[in-house]
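Below: one structure, written as structure tokens.
The values are calculated or read from the model by the stated rules, or taken from the named source; none is laboratory data. As the structure is a prediction and not an experimental result, all values here were calculated from the model. Note that each Cβ is placed from the backbone with ideal geometry, even for glycine, and that neighbours are counted across all protein chains shown.
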Amino acid sequence: MTDWFSLSILLGLLSLDTTAVGQFMVSRAIVVGPLVGWILGDPGLGLALGALVELIWAGDLPVGSHLPLDTTLLAGVGTALAVGLVRTGVGPEAAVTYALCAGIPLAALSSEAENLLRKAYVRIVRQAQHQVEAGHLATFESVNVGILLSQWAKGWVTAALALAAAHGALRLFPNLPAEVISGLSYAPWFLMATGCAAALDLLVDPKHLIPLVVSVAAASGLVLFLHVPVLYLLPVSLFAGFFFSIVRIRRERRAA
């Protein structure tokens with residue numbers, strides 16, 4: 001957690017990708033998690049957490065006025081907290097579960113801040129329209145630059161506050177009862193099942209469900225019989241399932 005200042009700047013920049021700049025999908029949790037993990041020295045843990053976030057919130061889409069949970073902040077702050085816990089000797093499964101539990105309300109607050117900011121943008125744009133009608137054509141350029149800077153500032157400030165809160169959650173972990181810590185170690189199974197259910201719900205065609213189910217089942221078998229940590233197999237099963245789904249869809253299109 002010592003790199004929270006640079007991480008907050010990075011997360012602020014990545015948050016611009018969602019709506020303001022590029023939309024290159026670098027703000028996706030599956031990218032943010034490994035990136036933050038790589039900066040902190042544990043990209044595998046970041047990949048596992050990012051994949052879990054992508055699965056669980058796969059169906060949370062910005063439809064109409066609905067503003068999805070800030071999964072960029074959740075993946076970034078969650079990975080930082082999880083890496084910090086692992087460095088203290090906490091198991092990766094318990095670390096990721098605890099990091100997600102601590103990160104979800106922080107991500108929800110970030111989404112609420114974004115919602116308030118967008119309401120302010122509506123008033124600013126209306127004022128800019130009146131200025132343009134009066135002949136001040138350069139107003140829109142100033143408004144665009146101002147909104148872009150405010151979006152980055154919002155991402156930076158919320159990330160910095162969330163990382164500070166995560167640092168407090170890091171210190172709180174040793175005070176948890178032993179039973180709770182033990183339960184956190186087994187919770188990734190439940191989270192993985194929840195995420196797979198959310199992903200499967202999006203794949204309406206039953207033929208496309210088979211590859212994802214088979215990949216998750218294979219990963220579960222490796223966990224049970226070879227004692228491979230479930231957390232590190234989660235991204236493998238996620239990528240494998242969707243990869244074979246894409247291959248199957250392409251073959252069907254060629255056949256048609």
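Can you say whether Thr71 is hydroxyl-bearing (Ser, Thr, Tyr) and within 20 Å of Leu14 (Cβ to Cβ), as far as the supplied structure shows?
yes
Is one or more of the residues making up region 141-153 modelled with pLDDT of 85 or more, hydroxyl-bearing (Ser, Thr, Tyr) and within 26 Å of the chain's Cα centre (by Cα)?
No, region 141-153 has no match at all.
Give the residues of region 18-74 that are surrounded by 24 or more Cβ atoms within 10 Å (Cβ to Cβ) and among the acidic types (Asp, Glu), sorted by residue number. Before the answer, list the steps.
Let us first name the residues in region 18-74 that are surrounded by 24 or more Cβ atoms within 10 Å (Cβ to Cβ), namely 27, 29, 32-33, 36-37, 45-53, 55, 70-74.
Within region 18-74, just Asp70 meets the criteria.
Among the residues of region 139-188, which ones are basic (Lys, Arg) and either surrounded by 17 or more Cβ atoms within 10 Å (Cβ to Cβ) or touching a Ser or Thr at 6+ places or on another chain (Cβ under 6 Å) (or both)?
Lys154
Which of the residues spanning region 83-138 are under 24 Å from the mean Cα position of the chain (by Cα) and among the hydroxyl-bearing types (Ser, Thr, Tyr)?
Thr88, Thr97, Tyr98, Ser110, Ser111
Any residue in region 3-14 that is over 19 Å from Ala165 (Cβ atoms) and small (Gly, Ala, Ser)?
no
When you check Ala120 against the structure, is it of a type outside the set (Asp, Glu), in a helix (DSSP H, G or I) and surrounded by 13 or more Cβ atoms within 10 Å (Cβ to Cβ), yes or no?
Considered against the rule, which asks whether it is of a type outside the set (Asp, Glu), in a helix (DSSP H, G or I) and surrounded by 13 or more Cβ atoms within 10 Å (Cβ to Cβ), Ala120 comes out as no.
Looking at the structure I just gave you, is Leu209 in contact with a helix residue (DSSP H, G or I) (Cβ under 9 Å, 6 or more places away or on another chain), modelled with pLDDT of 70 or more and not small (Gly, Ala, Ser)?
no
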